[in-house]
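These notes are about the structure you will find just below.
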């Protein structure tokens with residue numbers, strides 16, 4: 001399924017051997033800059049540079065990346081339309097009084113705001129995809145351990161991570177069996193069958209999980225997973241390069257703070 | 001209901017994180033306590049977490065900077081209480097934002113607050129209120145799940161309205177708009193979710209009643225009498 005795919009890509013991407021700290025520094029730094037940016041130029045700039053990084057250095061297929069990006073951006077466009085209609089200020093371009101408490105209007109400022117929010121989502125999404133496409137979850141677990149996140153939390157996270165895959169496996173098995181026995185032939189039948197699927201799925205994965213923990217207990221599981229992580233040393237050059245890039249973005253943020261897509265003063 | 005990465009301005013991201021943190025810290029302490037008490041709970045914790053992940057990944061687009069989907073938090077609220085549920089929600093939402101680009105890291109605080117704290121707290125309140133009445137156990141579970149789901153969306157609408165108040169009508173105006181749009185898709189979804197989770201609960205009563213008794217979810221007599229009906 002979809003997220004299995006993302007994990008697979010992350011395990012085999014071109015930046016697999018770069019230290020996860022370096023990648024997180026770039027990804028999280030960009031998210032921080034994007035959400036604090038007062039203008040639309042920096043988020044757009046970050047979106048484009050990170051996309052080039054993901055495609056060029058990470059060697060993610062272009063078509064796949066575009067498909068991945070199109071889903072959240074579709075959602076983003078729908079939400080931006082609402083913001084444009086609801087917020088206001090400046091010259092009115094179009095206005096519609098729906099009921100006495102709600103009026104929808106498109107103004108210069110709301111268009112600017114809408115475009116700005118869209119760029120911020122675009123930039124944020126690219127930064128998020130940068131992290132999820134280049135850094136496998138297993139690497140993130142060892143980073144979390146190093147950052148003194150409570151062990152019980154990481155433990156539960158790893159368990160849920162494993163359970164999600166058990167779930168998917170069982171879901172596919174049960175679903176196929178149901179389809180073969182004509183479980184989804186009519187609408188009524190389908191509702192009944194999907195209820196059964198949910199219940200059976202929960203119990204099946206619960207049992208599988210119990211077995212998993214019993215098996216681990218036999219191997220002296222003490223409530224802490226032993227993590228074997230490949231230690232990749234931090235490369236000073238790439239860290240410096242990222243710092244320069246982030247610094248450049250901050251400067252750009254200050255310079256382009258007042259830029260809007262439609263000039264306000266007309 | 002997941003708000004997207006970059007959708008909220010930085011100040012709101014920070015405010016929601018600050019509100020969510022105490023709940024998470026208390027949740028982690030609570031989690032440590034029950035796991036020290038009995039390790040048997042671990043598989044159930046994992047299964048409810050994965051269940052929340054799957055249910056809340058089934059999203060329908062909704063035009064409010066967000067989307068509609070079941071939340072699935074009701075069951076773990078009833079079994080483990082709202083605080084541990086908030087920790088599970090933290091993990092699930094982190095995975096969703098990294099695996100599915102569903103939600104985001106900067107808005108994680110806001111998403112935890114709606115799906116992991118406000119929804120479960122409301123569901124838990126209903127559950128505690130109905131727990132010791134003569135009402136059927138299944139109706140209690142159903143009501144708690146539906147309420148947890150609806151309050152999650154109520155909170156998300158508040159979060160969105162605070163960040164983007166309407167020109168006319170202000171915060172209240174945009175709240176009505178956001179919640180109105182959510183309600184169209186969410187009320188039927190919440191009911192479906194309630195039915196599914198009640199069914200799952202019924203399976204648990206049928207096959208593993210001991211764990212419910214040891215967690216003190218329902219009085220023993222109630223579970224025994226429900227079992228004798230099968």
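The values are calculated or read from the model by the stated rules, or taken from the named source; none is laboratory data. Computed from a predicted model, the values in this text were never measured in an experiment. Because the Cβ atoms are built from the backbone with ideal geometry, glycine has one as well, and the counts that use them run over all protein chains shown.
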Residue set A:106, A:86; condition within 7 Å of chain B (Cβ to nearest Cβ), over 26 Å from residue A:253 (Cβ atoms) and more than 20 Å from the chain's Cα centre (by Cα); output residue A:86
Please go through the stretch B:26-45 and pick out each residue that is more than 12 Å from residue B:87 (Cα to Cα) and part of a helix (DSSP H, G or I).
-> B:33, B:34, B:35, B:36, B:37, B:41, B:42, B:43, B:44
Any hit, the stretch B:56-70, residues being part of a helix (DSSP H, G or I) and within 12 Å of chain A (Cβ to nearest Cβ) = no
Cβ-Cβ under 9 Å pairs, at least 6 apart or on other chains, the stretch A:173-195 side touching a residue at least 24 places away in the same chain (Cβ under 8 Å), far side assigned to a helix (DSSP H, G or I) and surrounded by fewer than 16 Cβ atoms within 10 Å (Cβ to Cβ) = A:174/A:196
Go through the stretch A:157-179 residue by residue and tally those that are farther than 17 Å from residue B:54 by Cβ and touching a helix residue (DSSP H, G or I) at 6+ places or on another chain (Cβ under 8 Å).
-> 1
Count of residues meeting criterion [in a loop (DSSP other than H, G, I, E, B) and touching a helix residue (DSSP H, G or I) at 6+ places or on another chain (Cβ under 9 Å)] in the stretch B:198-230 | 5
Would you say residue B:103 is closer than 24 Å to residue B:35 by Cβ and either outside any helix (DSSP H, G or I) or away from every other protein chain (no Cβ under 12 Å) (or both)?
-> no
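Results for (1) modelled with pLDDT under 85; (2) more than 31 Å from the chain's Cα centre (by Cα), shown as yes or no for each residue.
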{"residue": "A:138", "(1), (2)": "yes, no"}
{"residue": "A:160", "(1), (2)": "no, no"}
{"residue": "A:164", "(1), (2)": "no, no"}
{"residue": "A:173", "(1), (2)": "no, no"}
{"residue": "A:187", "(1), (2)": "yes, yes"}
{"residue": "A:210", "(1), (2)": "no, no"}
{"residue": "A:220", "(1), (2)": "yes, yes"}
Going through the stretch B:183-193 in order, the residues found to be modelled with pLDDT of 80 or more and closer than 20 Å to residue A:104 by Cβ are none
With the first residue restricted to the stretch B:1-25 and required to be more than 10 Å from chain A (Cβ to nearest Cβ) and closer than 11 Å to residue B:159 by Cα, and the second required to be modelled with pLDDT of 90 or more and in a loop (DSSP other than H, G, I, E, B), Cβ contacts under 8 Å at 6 or more apart or on different chains are B:16/B:107
